[in-house]
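Report on the following structure.
A short reminder: the numbers here are calculations on the coordinates, not readings from a lab. Nothing here was measured: the structure is a model prediction, and the numbers come from that model. Heads up, the Cβs are rebuilt from the backbone with ideal geometry, glycines too, and the neighbour counts pull from every protein chain shown.
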Amino acid sequence: MSRAYRILIVLSAIMGAVGVILAAASAHGAGASRLSSASSMLLFHASAVCGAVALAERGIIHARIGIWSGFGFVVAAGLFAGDLTLRQYAGHGLFAMAAPAGGTLLIASWLALGVAAAWPGRG
């Protein structure tokens, strides 16, 4: 298993852990909507990262494109969830349009995963 695959698995585990923490925070405090959305983005996309790694490692999808989509999921979900969480706890976001930028990158990453499936070869 390549280093990039291992890095992505570690990052997805961190995303999953933080997603569970945010789910608990949303269940026990104010701002449940923001924190619940942040939690969902992290948890859903942590699984997507693991899936992209598994598919790329087995040669089912184009490996290079699949790995880039995995890194896209990590960065994008981090932007989205980080912006919502910071808004909840600090009263301001990461930067202007951080959550929409994260959402747009998530869409692009999903499309890249589709391209990776359609592209022949291991990459």
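The set of residues in region 1-11 being surrounded by 14 or more Cβ atoms within 10 Å (Cβ to Cβ) and free of Cβ contacts under 8 Å to residues at least 40 places away in the same chain consists of Ile7 alone.
Filtering Gly70, Gly102, Gly82 for residues that are surrounded by fewer than 21 Cβ atoms within 10 Å (Cβ to Cβ), outside any loop (DSSP other than H, G, I, E, B) and not hydrophobic (A, V, I, L, M, F, W, C) leaves a single hit, Gly82. Taking first residues from region 12-34 that are free of Cβ contacts under 8 Å to residues at least 12 places away in the same chain and partners that are of a type in the set (Gly, Ala, Ser) and in a helix (DSSP H, G or I), the Cβ contacts under 6 Å between residues at least 6 apart in sequence or on separate chains come to Ala32/Ser26. The set of residues in region 77-98 that are touching a residue at least 60 places away in the same chain (Cβ under 8 Å) and either farther than 22 Å from Val49 by Cβ or not hydroxyl-bearing (Ser, Thr, Tyr) (or both) comprises Ala77, Gly78, Ala81. Note on region 59-112: residues that are of a type outside the set (D, E, K, R) and under 21 Å from Ala4 (Cα atoms) amount to 27.
Per-residue answers, yes or no, for (1) over 13 Å from the mean Cα position of the chain (by Cα); (2) of a type in the set (Ser, Thr, Tyr); (3) surrounded by 20 or more Cβ atoms within 10 Å (Cβ to Cβ):
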residue	(1), (2), (3)
Ile14	no, no, no
Val20	yes, no, no
Ala27	yes, no, no
Arg34	yes, no, yes
Ala38	no, no, yes
Ala46	no, no, yes
Gly59	yes, no, no
Ala63	yes, no, yes
